[in-house]
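Peer 1: Take this structure, written in structure tokens, and hold onto it; I'll ask about it next.
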Amino acid sequence: MGTAVHDESSAAKRKPWLMRIGIGLFAAGMVAVVAVFLLFAAGYSELPVWLSAAAGVITPLGLALGLISLVREHRRA
């Protein structure tokens, strides 16, 4: 059982840098999406452009980078 935990931790250390960037961008984009929904539900009609752009651009960009990283990692294996 100790080796399974060790294998998981070593796999986490070897996560490609592109995947880490993709996960971070996707998470930041999702925070922006939630902020847009909460502000809209609170009654704000004119949201900042940068917030709407972050919700609409950063989330799919992070998803795309994560998928590209997965394809690259699969091709190496």
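No lab work stands behind these numbers, since they all come straight from the coordinates. Model, not experiment: these values are computed from the prediction. FYI the Cβ positions are ideal-geometry reconstructions off the backbone, even for glycines, and counts take in every protein chain you see.
Peer 1: How far apart, in nm, are the 7 Å Cα→Cβ label points at VAL57 and SER45?
Peer 2: 2.7
Peer 1: Whole number please: convex hull volume per residue of the Cα set in the stretch 26-67, in Å³?
Peer 2: For the stretch 26-67, the hull spanned by Cα atoms encloses 46 Å³ per residue.
Peer 1: Set the Förster distance to 30 Å, then compute FRET efficiency between GLU73 and VAL34 from the Cβ-Cβ distance, nearest 0.05.
Peer 2: With R0 = 30 Å, the Cβ-Cβ based efficiency is 0.55.
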